[in-house]
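First up is the structure itself, then whatever we jot down about it.
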Amino acid sequence: MLRLSIAFLAVATLSACVDRTAQVTVPSALNVGSAETVYAATTRGRNPDGTFNADRGERVQYHKMTVSIPPNRTPGTLEFSYANPKPEKQFVLANTTDLSGPRELANQLRGEEDVSIFVHGYNSTHTETAFRAAQLAHDLDIPGSVLIYSWPSQARGAGYAYDLDSMLFARDGLEKTIRDLKSIGVKRVVLVAHSMGGALSMEMMRQAELRSPGWSRRNLDGVFLISPDLDIDVFRSQMDSIKTPPDPFVVMVSQKDKILNISARIRGTPGSERLGNISTIEALADYPIEVIDATAFNSDAESSHFVAATSPALLSLLSSARRVGNTLGNRRRGIDYLIPNNQRNPSGATEVVLSETGQAQVATQ
C-alpha cells in the first residue's frame, strides 16, 4: 500500500503543476496541421471564460471543436501543451463553437448517418478528451462523425472517488445524448468507451434497459469497451439486465494493464482482475460478446492502459480490418474481419488473441 500511495501522490503532485483545464485556441494552427472535427456533448460545469471544469452541470451542452493534428507524426502518439502549443509537433485546439442544442447539432451534421461517441475515463479534461478522440478518428480513419461525451471528471490523480460519483451522475446525460442523436436522424450510433467510461456506458445501458427492454440494440450499432475499469461480477449483472446487447459488442483487454492493477488494489482486491485485464473469458462465456486480447502489443504502446489508441502496430491492424469491412459492405464496421464469421462462437463469448505479427486467432477453451 505504501508504494501505491507514493504513486498516487506523485500523480497528484504532477497534476498540480499545470492548469490542465486551460483551453488555448490557436486558429492559425490549421496553416500547419490537418483539421479534424470533433463534436462534444458534455455535462461538465462551465467557467465564466467558457472553459469547462469538474463541476456537475444541470444539462447536456453541445458544441463543435476543430483540432489541428500535427504533420509527420507517428500513429498512436498524442503530444499537446497546456500553454504555448506548437502546431508543428502538437495537437492544438483551433476553434470551438457552441451549439444551442440538438437541432443546431443536426444542422452541423447535415444528414450524417454515422456517429461514433467516445466516452473518456478517469482523470481526463474536456480538451484532452477532444485531442484523444481526434487522434483515434485520424489514425483509424473512423467513418462518419465523432462526438465526445465529456463527463465531469475532476482530472486529478487523487480524484478517483470523485470521478466514480461523477460517472454515476453522468448516466442520464449519456443516454440523452444518444436519444438526441437518434431523434435528429442519425442512423448508426457506435459507442467507444475507455476505462471508467466503460463502466459509465454499461450503467447507462442497464438503466435504459430497465425502462425499455431492448433499448441498447435498437439504438446502438456497436459497443467497444477499451480497457474497461469494471468489476467482472458487476459487468455480468449489467449484461444480465441488457440481455440482447448491441452487435458487435467488443471488449478489448491487455493482461499487462498496470492502471487496472492499481484500481484493483484501491478496492482492496489486489489479487483480482478487472474486466480490462482478464486472463480468461470463462466468467463471460455465456454472453454474445467478443473479447480481443491485445497483450502482445503492450511493448509497442505508449500506454499499457490504452493499447488500442497508443500502439502504432495495433492501430494499423485495426485500421486495415475496418477498410476490409467497408470494402465487403460489412455493417459491423470492419473489426469483425480480424477473424472469419465461421470461427466465432454462435452461442456465447469469442476470445480473439492478437499476436505481435498481427495475426488474430480464436482462443480455445
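The values are calculated or read from the model by the stated rules, or taken from the named source; none is laboratory data. Because the structure is a prediction, the values reported are computed rather than measured. Every residue, glycine as well, gets a Cβ built from its backbone with ideal geometry; the counts of neighbours run over all protein chains shown.
Just one of the listed residues (Asn107, Asn95, Asn123) is surrounded by fewer than 20 Cβ atoms within 10 Å (Cβ to Cβ) and outside any strand (DSSP E or B), namely Asn107. One residue alone among Asn72, Asn95 is without any contact (Cβ under 8 Å) to a residue 12 or more places away in the chain and among the polar types (S, T, N, Q), and that residue is Asn72.
Scanning the range 60-91 for residues that are within 20 Å of Gly197 (Cβ to Cβ) and in a strand (DSSP E or B) yields Val60, Gln61, Tyr62, His63, Met65, Val67, Phe80, Phe91.
A Cβ distance below 7 Å, combined with a sequence gap of six or more or placement on separate chains, defines the contacts here; from the range 282-295, residues that are more than 14 Å from Ser237 (Cα to Cα) reach residues that are assigned to a helix (DSSP H, G or I) in the pairs Val291/Leu284; Ala294/Val307; Ala294/Ala308; Ala294/Leu314. Is it the case that the range 273-283 has a residue that's at pLDDT below 85 and either touching a Lys or Arg at 6+ places or on another chain (Cβ under 9 Å) or closer than 20 Å to Ser195 by Cβ (or both)? Within the range 273-283 (the criterion being at pLDDT below 85 and either touching a Lys or Arg at 6+ places or on another chain (Cβ under 9 Å) or closer than 20 Å to Ser195 by Cβ (or both)), the answer is no, since none of the residues qualifies.
In the set (1) of a type in the set (D, E, K, R); (2) in a strand (DSSP E or B); (3) within 23 Å of Val32 (Cβ to Cβ), Asp139 fails one condition alone, (2). Picking from residues in the range 332-354 that are at pLDDT 85 or above and under 11 Å from Ala285 (Cα atoms), the one that is surrounded by the most Cβ atoms within 10 Å (Cβ to Cβ) is Glu351.
Among the residues of the range 240-275, the ones that are part of a helix (DSSP H, G or I), within 12 Å of Met202 (Cβ to Cβ) and not polar (S, T, N, Q) come to 3 in all.
When Asp55 is tested against (1) out of contact with any Pro (no Cβ under 9 Å at 6 or more places or on another chain); (2) acidic (Asp, Glu); (3) part of a strand (DSSP E or B), just one condition goes unmet, and that condition is (1). Of note, Arg132 satisfies the criterion of being in contact (Cβ under 8 Å) with a residue 40 or more places away in the chain, among the basic types (Lys, Arg), part of a helix (DSSP H, G or I) and buried (at least 19 other Cβ atoms within 10 Å of the Cβ).
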